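Here the structure comes first, spelled out in structure tokens, and everything after it is commentary.
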Amino acid sequence: MKYLISLLFLLTALVTKAQVQYREGFDQDTVDNTETVYLYPGGTTAATSPSTAANATDFREFGALEVNIWADSLSGSNAGSAILQGCYDDACNVTYDIATLTLNGAAQQVSRTEDSEFSFRKFRVKATGTGTMSTKLRMGYVWKRKT
């Protein structure tokens with residue numbers, strides 16, 4: 001009986017792990033004044049930093065995606081926008097705007113976007129600052145493999 005319970009526990013753990021086919025990641029950068037910064041998933045190691053379209057993760061095999069963007073004012077006030085864009089090609093030359101976070105004010109801002117049928121090859125966050133400001137942008141993401 002003890003072996004049967006242990007076997008059932010092991011099988012349950014394996015099935016649960018097989019169903020949760022997801023990964024997560026994080027990237028961050030600072031946008032200043034009238035600068036435009038692109039945050040791509042992946043590419044955050046010392047060898048590939050800053051992240052670029054070339055070293056960004058390819059999402060062809062993934063289905064659901066959740067992206068969170070945090071904007072923290074470092075100096076001045078948050079001003080500008082952070083746009084979540086889906087990329088149709090490897091170089092992210094052809095993009096589609098999925099969601100926009102308008103940066104305004106000194107308080108931390110958060111944007112959460114979820115897409116259960118993510119069909120783009122890659123994605124990025126395009127952040128553009130305006131006025132006299134410095135803002136720390138962080139992007140956290142979780143995606144699930146297609147079943």
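When T113, T128, T100 are checked against the criterion of being surrounded by fewer than 18 Cβ atoms within 10 Å (Cβ to Cβ), of a type in the set (S, T, Y), at pLDDT 85 or above and within 15 Å of V142 (Cβ to Cβ), T113 stands alone in meeting it. Taking the stretch 131-147 as the range and being open to solvent by 50 Å² or more (accessible area, probe 1.4 Å) and farther than 13 Å from S75 by Cα as the test, the residues that pass are R138, V142, K144, R145, K146, T147.
Where residues in the stretch 131-146 are among the small types (G, A, S) and in a strand (DSSP E or B), which of them is modelled with the lowest pLDDT?
The extreme case among them is G140.
Does the stretch 129-144 include one or more residues that are among the aliphatic types (A, V, I, L, M), more than 15 Å from the chain's Cα centre (by Cα) and within 15 Å of I69 (Cα to Cα)? Give the steps one after another, and end with the answer.
At the first step, the residues of the stretch 129-144 found to be among the aliphatic types (A, V, I, L, M) are 133, 137, 139, 142.
Retained after the next criterion (residues that are more than 15 Å from the chain's Cα centre (by Cα)): 133.
Then keep just the ones that are within 15 Å of I69 (Cα to Cα); that gives none.
Scanning the stretch 129-144, I find no residue that is among the aliphatic types (A, V, I, L, M), more than 15 Å from the chain's Cα centre (by Cα) and within 15 Å of I69 (Cα to Cα), so the answer is no.
The values are calculated or read from the model by the stated rules, or taken from the named source; none is laboratory data. The shown structure was predicted, so the numbers you read here are calculated from the model rather than taken from an experiment. Heads up, the Cβs are rebuilt from the backbone with ideal geometry, glycines too, and the neighbour counts pull from every protein chain shown. Only protein heavy atoms, including side chains, enter the accessible area calculation; ligands, DNA and RNA are left aside. Shrake-Rupley method; radii C 1.70, N 1.55, O 1.52, S 1.80 Å.
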